[in-house]
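Trainee: One structure, pasted below without further comment.
The values are calculated or read from the model by the stated rules, or taken from the named source; none is laboratory data. Computed from a predicted model, the values in this text were never measured in an experiment. Positions of Cβ are backbone-derived with ideal geometry, glycine not excepted, and every protein chain shown enters the neighbour counts.
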Amino acid sequence: MIKKTKDTNLYVLYAVYIENCAKNLGFYDLLSQMIYEPIEFINAKNRILKLQHMDVNPVVKLISKVFHKLSIAPNDLLLSGILDVENIIVRHQLIREELEKMNLWNTVDEQIQHMPLDKKLIEFILEIQQNPFVNIQECENQSLFSNTKDLVKSMLKLWRTPEYRTQSPSINESTWVHNMLNPIIKYITYDLEEDIFIRWDSVTSKADISGVHRNGIYEWEVLLGEASNGPFINTIQVQSHVSDDHVKLGKCAKDALDDALNFITGTLNYSTETQNFKIFKEINTFLIHAHGTSLELFILDQKFEPFFRLRSLTKISIPYKAGTIGGIIDLVQSLQIFRNMLIHSLNKMKTIFETQPQFNDKERVLKE
């Protein structure tokens, strides 16, 4: 009976019925056996199964149709309405196969174009390796070269640190964040002080790093980051921590866009037909995940409404070893692409708020 009901959409209805009966009759032994999942789990599945009967994107409709055939873990981001492309490739081969049959997979697993670095910037990075005190020649983009120099010097400092050369376990998460992640965040957000404020917070349930775009009375989370332990510890517990933080980042990013949507449609009273609402749908949330000696850059977008899509920009090996200058160049290139996409979304946000007079009169807002 269990298998039969699981193979149909009635599964969720039977599950709710059985669980309610067990609670009413006090059959707690039955509940503890977890024949069916908890009610929250069931309701999430039910919402996804109903999408096949709605006017939604073909990708969403197809996923809804095959959803009952999938093996879904309780922490799967799909239950939160997030299409985690990497997770689909690794754990949900059926979704990929069905999308490929309909020539839809390429619309989900879109490749982000990696633009090459300017040759002058590459030459400058190589010069810094030879002489960290090299002068910056007067040029059109002085700030780019100055901040690149700061980032490269921070990586070269890792090369000279004995604890990194020996991969010492004494380099804990806080030390790794200070030495590696902080310079990277500074590089991504240089000259954006007016547009984004970075908060570091590892105490609350929010992400370790939160970058917010402030406009009067509203703070829009646009950049989120997590660091999962130090770089040279790789236990089962650490691997679990990495997985949990990935899920946490995805959910936090979705919450950020959901909250912004409520603000757009509630406080600003935009209908779904307005130009500003359409601009909102083009805004992304940007995610940074440091784990082991790797740095992953992700983007959460709104392409497949009502689902969100989480896709990877790149996974970089942090160039902490002496001589890995090529790794530093790759790091700078990836961060530049990530930064440019972030700026694009920030500009979209400013476009939305510029049409609202209450957000333009900053002096009045501050006095209030």
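Trainee: Would you pick out the residues in region 71-87 that are within 20 Å of Ile42 (Cα to Cα) and among the β-branched types (Val, Ile, Thr)?
Mentor: Once the filter is applied, which keeps residues that are within 20 Å of Ile42 (Cα to Cα) and among the β-branched types (Val, Ile, Thr), region 71-87 yields Ile72, Ile82.
Trainee: Just for region 217-252: of the residues that are under 24 Å from Ile88 (Cβ atoms) and among the small types (Gly, Ala, Ser), which one is surrounded by the most Cβ atoms within 10 Å (Cβ to Cβ)? So that I can check it myself, show each step before the final result.
Mentor: Initial filter on region 217-252 (under 24 Å from Ile88 (Cβ atoms)): 224-226, 228, 239-252.
Next, from what is left, pick out any that are among the small types (Gly, Ala, Ser): 225, 228, 240, 243, 250.
Numbers: Gly225: 26, Ser228: 23, Ser240: 11, Ser243: 14, Gly250: 24.
Per the stated criteria, the residue is Gly225.
Trainee: Kindly indicate whether any position in region 178-200 is farther than 30 Å from Thr324 by Cα and in contact with a Leu (Cβ under 6 Å, 6 or more places away or on another chain).
Mentor: Scanning region 178-200 turns up at least one residue that is farther than 30 Å from Thr324 by Cα and in contact with a Leu (Cβ under 6 Å, 6 or more places away or on another chain).
Trainee: Additional query: Check Gln111 against each of (1) of a type outside the set (Asp, Glu); (2) within 30 Å of Thr324 (Cα to Cα); (3) in contact (Cβ under 8 Å) with a residue 12 or more places away in the chain and name the one condition it does not meet.
Mentor: (3)
Trainee: Considering only region 198-218, state which residues are at pLDDT below 90 and among the acidic types (Asp, Glu).
Mentor: Asp201
Trainee: Separate question: Can you name every one of the helices (runs of 4 or more DSSP H) wholly within region 75-157 that holds 1 or more residues which are closer than 18 Å to Ser334 by Cβ and among the charged types (D, E, K, R)?
Mentor: 85-91, 119-130
Trainee: Which number in (1) at pLDDT below 95; (2) closer than 29 Å to Trp105 by Cα marks the one condition that Asp84 misses?
Mentor: (1)
Trainee: Also, quick follow-up: Residue check, Pro169 against (1) over 24 Å from Phe298 (Cβ atoms); (2) surrounded by 14 or more Cβ atoms within 10 Å (Cβ to Cβ); (3) not aromatic (Phe, Trp, Tyr), all met but one. Which one?
Mentor: (2)
Trainee: Going through region 172-193 one residue at a time, which ones are assigned to a helix (DSSP H, G or I) and among the hydroxyl-bearing types (Ser, Thr, Tyr)?
Mentor: Taking region 172-193 as the starting set, the residues that turn out to be assigned to a helix (DSSP H, G or I) are 173-188.
Across region 172-193, the qualifying residues are Ser174, Thr175, Tyr187.
Trainee: Given the conditions (1) free of Cβ contacts under 8 Å to residues at least 60 places away in the same chain; (2) surrounded by 14 or more Cβ atoms within 10 Å (Cβ to Cβ); (3) over 22 Å from Val238 (Cβ atoms); (4) not β-branched (Val, Ile, Thr), report the number of the one that Asn179 does not fulfil.
Mentor: (3)
Trainee: I'd like the full set of residues that are hydrophobic (A, V, I, L, M, F, W, C), touching a Leu at 6+ places or on another chain (Cβ under 9 Å) and under 27 Å from Leu342 (Cα atoms), limited to region 82-127. Give the derivation first.
Mentor: From region 82-127, those hydrophobic (A, V, I, L, M, F, W, C) are 82-83, 85, 88-90, 94-95, 99, 102, 104-105, 108, 112, 115, 117, 121-122, 124-126; that's our starting set.
Now narrow it down to the ones that are touching a Leu at 6+ places or on another chain (Cβ under 9 Å): 82-83, 85, 88, 94-95, 99, 102, 104-105, 108, 112, 121, 125.
Passing the criteria: Ile82, Leu83, Val85, Ile88, Leu104, Trp105, Val108, Ile112, Leu121, Ile125.
Rundown of residues vs (1) modelled with pLDDT under 70; (2) under 24 Å from the mean Cα position of the chain (by Cα); (3) within 30 Å of Val108 (Cα to Cα), yes/no style:
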| position | (1), (2), (3) |
| --- | --- |
| Ile2 | yes, no, no |
| Lys6 | yes, no, yes |
| Leu10 | yes, no, yes |
| Lys23 | yes, no, no |
| Tyr28 | yes, no, no |
| Ser32 | yes, no, no |
| Met54 | no, no, yes |
| Val66 | no, no, yes |
| Ser71 | no, yes, yes |
